[in-house]
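Novice: Here it is, the structure, as structure tokens.
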Amino acid sequence: MSTYRLGILGYPLGHTLSPLLHQYLLECCGLTGTYDAWAVPPEQLLSRFDALVSEGVQGFNITIPHKLAIQACLDEIDPLAAMIGAVNTVQVNRQTGHKKGYNTDVTGFAQSLPAEWTQRLPSQTVLMLGAGGSARAVLTALIQFQTKKIILAARRREQLAELQALAKRVMRLFSVTSVIEPVLFHELAALIPDIDGMINTTPVGMWPNDEACPLDETLLHALKPETLVCDLVYRPLKTRFLRDAAARGCRIMNGLDMLIYQGIASFEQWTGQKISPAAMPEIRERLTTALHHPVQ
């Protein structure tokens with residue numbers, strides 16, 4: 001029987017639930033193996049990644065801040081990940097050592113969204129906060145759902161230009177047309193009252209900085225009560241961003257299901273095993289329970 005050695009590369013990693021998730025997936029499939037968390041600062045990424053590959057690691061998840069930089073370490077990148085410009089999954093061939101990058105964040109985010117909301121996206125305006133690797137995946141999924149209008153908000157103009165270029169590539173690939181409006185954060189005030197959904201793709205508000213918020217409270221108070229507000233952060237389950245939105249009467253969702261679905265897609269890529277949808281309640285319960293315990 002094969003023994004799998006898997007893990008996640010990021011920095012910092014005190015918040016991650018990926019080891020718990022993947023140890024349960026291994027258990028579900030009757031597989032033996034380990035899944036470790038390797039906190040690697042950016043300047044050590046190349047050397048540490050090469051060392052782990054040489055030690056026999058067969059599968060990596062990649063998280064903040066390495067989703068873009070990891071591409072320089074790979075032999076091949078899946079076309080979708082190459083188009084997005086972000087890799088969150090790496091598979092290493094056991095025999096040849098060939099290293100290939102994938103992006104499972106797109107499917108992870110898409111599967112996490114409520115079906116009734118995705119059906120309405122062709123008539124909706126969605127505001128997306130952030131311009132990192134997760135933002136690229138979220139933007140791709142929103143275009144695939146034929147979202148009517150996507151407002152891209154970032155701190156710098158050059159970040160917006162990169163997202164706009166990506167949007168054009170995705171729309172061309174899927175023969176979809178969405179209106180893309182780039183704005184800087186300080187230009188959002190006039191747009192907030194008209195949006196139908198808002199997604200925070202930044203790590204602002206992640207443990208241990210639980211009280212940080214990507215938007216000023218006054219902007220959140222301008223939201224329509226029926227707005228769906230999503231935060232990709234999952235530790236804590238209810239960030240200040242989500243608490244403020246809920247106080248406004250908005251529907252809220254955290255990033256836990258996206259974590260689970262992208263993790264399952266990575267696991268299936270590495271092992272060839274399929275995880276039954278029937279396992280989702282137990283997976284969600286285990287991770288939620290873990291989130292109620294303090295980080296060591």
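The values are calculated or read from the model by the stated rules, or taken from the named source; none is laboratory data. Note that this is a predicted model, so its numbers are computed, not measured. FYI the Cβ positions are ideal-geometry reconstructions off the backbone, even for glycines, and counts take in every protein chain you see.
Novice: Condition check: out of contact with any Asp or Glu (no Cβ under 9 Å at 6 or more places or on another chain) and either within 22 Å of Ile275 (Cβ to Cβ) or modelled with pLDDT under 95 (or both). Does Gly10 satisfy that?
Specialist: no
Novice: Is it the case, given these coordinates, that Ala131 is out of contact with any Ser or Thr (no Cβ under 9 Å at 6 or more places or on another chain), within 25 Å of Lys224 (Cα to Cα) and either surrounded by 24 or more Cβ atoms within 10 Å (Cβ to Cβ) or at pLDDT below 95 (or both)?
Specialist: It is false that Ala131 is out of contact with any Ser or Thr (no Cβ under 9 Å at 6 or more places or on another chain), within 25 Å of Lys224 (Cα to Cα) and either surrounded by 24 or more Cβ atoms within 10 Å (Cβ to Cβ) or at pLDDT below 95 (or both).
Novice: Select, from Ala141, Ala137, Ala131, the only residue that is small (Gly, Ala, Ser) and part of a loop (DSSP other than H, G, I, E, B).
Specialist: Just one listed residue meets the conditions, Ala131.
Novice: Are any of the residues in the range 26-33 among the acidic types (Asp, Glu), assigned by TED's automatic domain parsing to the domain that holds Lys67 and more than 20 Å from Ala86 (Cα to Cα)?
Specialist: Yes, there is a match, as at least one residue in the range 26-33 is among the acidic types (Asp, Glu), assigned by TED's automatic domain parsing to the domain that holds Lys67 and more than 20 Å from Ala86 (Cα to Cα).
Novice: Among (1) loosely packed, with under 15 Cβ neighbours inside 10 Å; (2) over 16 Å from His98 (Cα atoms), there is one condition Ser18 misses while meeting the rest; what is its number?
Specialist: (1)
Novice: Looking at (1) without any contact (Cβ under 8 Å) to a residue 40 or more places away in the chain; (2) more than 19 Å from the chain's Cα centre (by Cα); (3) closer than 18 Å to Ala265 by Cβ, which is the one condition that is false for Pro19?
Specialist: (2)
Novice: May I ask you to verify whether Leu237 is under 20 Å from the mean Cα position of the chain (by Cα), touching a residue at least 24 places away in the same chain (Cβ under 8 Å) and surrounded by fewer than 20 Cβ atoms within 10 Å (Cβ to Cβ)?
Specialist: Answer is yes for this residue.
Novice: Give the number of residues within the range 148-201 that are out of contact with any Gly (no Cβ under 8 Å at 6 or more places or on another chain), assigned to a strand (DSSP E or B) and of a type in the set (Gly, Ala, Ser).
Specialist: Within the range 148-201, residues that are out of contact with any Gly (no Cβ under 8 Å at 6 or more places or on another chain), assigned to a strand (DSSP E or B) and of a type in the set (Gly, Ala, Ser) number 1.
Novice: If you scan the range 252-283, which residues turn out to be charged (D, E, K, R), surrounded by 14 or more Cβ atoms within 10 Å (Cβ to Cβ) and closer than 22 Å to Ala115 by Cα?
Specialist: Residue satisfying the conditions is Asp257 alone.
Novice: Can you pull out every residue in the range 46-86 that is over 20 Å from the mean Cα position of the chain (by Cα) and under 30 Å from Ile143 (Cβ atoms)?
Specialist: Residues satisfying the conditions are Ala72, Cys73, Leu74, Asp75, Glu76.
Novice: Can you name every residue in the range 15-56 that is of a type in the set (D, E, K, R) and in a helix (DSSP H, G or I)?
Specialist: Glu27, Glu43, Arg48, Asp50
Novice: So which of Leu188, Leu219, Leu142 ends up being within 26 Å of Ala82 (Cβ to Cβ) and either in contact (Cβ under 8 Å) with a residue 24 or more places away in the chain or in contact with a Pro (Cβ under 7 Å, 6 or more places away or on another chain) (or both)?
Specialist: Just one listed residue meets the conditions, Leu142.
Novice: Answer yes or no: is there a residue in the range 168-178 that is assigned by TED's automatic domain parsing to the domain that holds Glu226, out of contact with any helix residue (DSSP H, G or I) (no Cβ under 8 Å at 6 or more places or on another chain) and either surrounded by 14 or more Cβ atoms within 10 Å (Cβ to Cβ) or closer than 20 Å to Arg251 by Cβ (or both).
Specialist: No, every residue in the range 168-178 fails to be assigned by TED's automatic domain parsing to the domain that holds Glu226, out of contact with any helix residue (DSSP H, G or I) (no Cβ under 8 Å at 6 or more places or on another chain) and either surrounded by 14 or more Cβ atoms within 10 Å (Cβ to Cβ) or closer than 20 Å to Arg251 by Cβ (or both).
Novice: Quick one: which of Thr218, Thr227 is more than 30 Å from Tyr4 (Cβ to Cβ), buried (at least 21 other Cβ atoms within 10 Å of the Cβ) and assigned by TED's automatic domain parsing to the domain that holds Arg120?
Specialist: Thr227
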